[in-house]
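Below is one structure, written out as structure tokens; comments come after it.
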Amino acid sequence: MLILAYHRVNPEVRDGLSVAPSTLRDHLETLIARGWANVVLEEEIGPDPDVLPPRTFAVTFDDGYQ
């Protein structure tokens, strides 16, 4: 499983912690076009975290930003 970790999405600020909405969209569209499926992380990690579905990804955001 691939986990994409972002801090915040911001169309105006260009710092090391922000990603533009268009960049986030490009990341997600690229993965989906290559056959990856988005899943909810909490639903996929069960009693055996070593058994995860192939070619899946989850998106996480730092909880310090709205």
Subject >> Subset of the range 1-30 (residues that are more than 13 Å from VAL59 (Cβ to Cβ) and either part of a loop (DSSP other than H, G, I, E, B) or in contact (Cβ under 8 Å) with a residue 40 or more places away in the chain (or both)) >> reply: ASN10, PRO11, GLU12, VAL13, ARG14, ASP15, GLY16, LEU17, ALA20
**OP:** Give the residue that is most open to solvent (accessible area, probe 1.4 Å), with candidates limited to residues of the range 1-57 that are touching a strand residue (DSSP E or B) at 6+ places or on another chain (Cβ under 9 Å) and hydroxyl-bearing (Ser, Thr, Tyr).
**Re:** THR23
**OP:** Please tell me if ALA58 is at pLDDT 90 or above and under 14 Å from the mean Cα position of the chain (by Cα).
**Re:** yes
Original post:
Tally time: how many residues in the range 18-40 are hydrophobic (A, V, I, L, M, F, W, C) and out of contact with any Phe, Trp or Tyr (no Cβ under 8 Å at 6 or more places or on another chain)?
Top reply: 5
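The values are calculated or read from the model by the stated rules, or taken from the named source; none is laboratory data. What you see is a predicted model, and the numbers here were worked out from it, not measured in a lab. Using ideal geometry, Cβ is built from the backbone for each residue, glycine included, and neighbour counts are taken over all protein chains shown. The accessibility values were calculated without ligands, DNA or RNA, using every heavy atom of the protein model including side chains. Shrake-Rupley method; radii C 1.70, N 1.55, O 1.52, S 1.80 Å.
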